[in-house]
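Trainee: Quick one: the structure is below, and I'll ask about it shortly.
The values are calculated or read from the model by the stated rules, or taken from the named source; none is laboratory data. Quick caveat, the model's predicted, so the values are computed rather than measured. All Cβ positions, glycine included, derive from the backbone under ideal geometry; neighbour counts span all protein chains shown.
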Amino acid sequence: MADKKTREKIAGKYTAKKRDPEKWEAAKREAKAKMGGKHSARAMQLASQIYKKKGGKYSGKKPSAKDNSLKKWTKQDWEWSGESRGRGVYLPKKKVEKLKSSAEGRKKLAAAGKKKAAATKRGEQYSKHGLAAGTSLKKKKK
């Protein structure tokens, strides 16, 4: 894993800078409180919306969906794979529909839902269920 300075340099290449750090910190606190107190991509997405609503400004290059995962995720329609909110796993709607269309896919969703439920019961926010592959911008190994 790259050191903090390298990560910031890479991130700076693809993201605009917040011009009001105090407003940004307040927006992050508010978003995390609304999202159950945990840091997540969705909480940071909400924080960005709050920051803009409160007059926060940016400087630098505006990221595109191609090089910014939050932009990509915002454009996708996400849903829980289970019968109700919080049941199953949270994936893009198209992926859930594709998996639900076959018996093998439904088995994968059921297994992933069990793994997620077990992880949640242990107090873990994330679970390695294997169905989120391809939903991030990380380059695939060839």
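Trainee: Based on what the data block shows, is Gly82 at pLDDT below 85, in contact with a Gly (Cβ under 9 Å, 6 or more places away or on another chain) and in the same structural domain as Lys38 (by TED's automatic domain parsing)?
Mentor: When the stated conditions are applied, Gly82 does not pass them.
Trainee: Restricting to the range 1-34, and then to whatever is acidic (Asp, Glu) and not in a helix (DSSP H, G or I), can you tell me which residue is modelled with the lowest pLDDT?
Mentor: Asp3
Trainee: Among all residue pairs at least 6 apart or on different chains, which show Cβ distances below 6 Å where the first residue, located in the range 114-130, is among the hydroxyl-bearing types (Ser, Thr, Tyr) and the second is surrounded by 14 or more Cβ atoms within 10 Å (Cβ to Cβ)?
Mentor: Short answer, once both residue conditions are applied: Ser127/Lys115; Ser127/Lys116; Ser127/Ala119.
Trainee: Sticking with this structure for a sec: Pick from the range 55-70 the residues that are at pLDDT below 70 and of a type in the set (D, E, K, R): which of them is nearest to Ser40 (Cα to Cα)?
Mentor: Asp67
Trainee: Shifting gears a bit: Please go through the range 69-88 and pick out each residue that is touching a helix residue (DSSP H, G or I) at 6+ places or on another chain (Cβ under 9 Å), assigned to a loop (DSSP other than H, G, I, E, B) and polar (S, T, N, Q).
Mentor: Once the filter is applied, which keeps residues that are touching a helix residue (DSSP H, G or I) at 6+ places or on another chain (Cβ under 9 Å), assigned to a loop (DSSP other than H, G, I, E, B) and polar (S, T, N, Q), the range 69-88 yields Gln76, Ser81.
Trainee: Would you be able to tell me the number of residues in the range 73-110 that are without any contact (Cβ under 8 Å) to a residue 24 or more places away in the chain and in contact with a Ser or Thr (Cβ under 6 Å, 6 or more places away or on another chain)?
Mentor: 1
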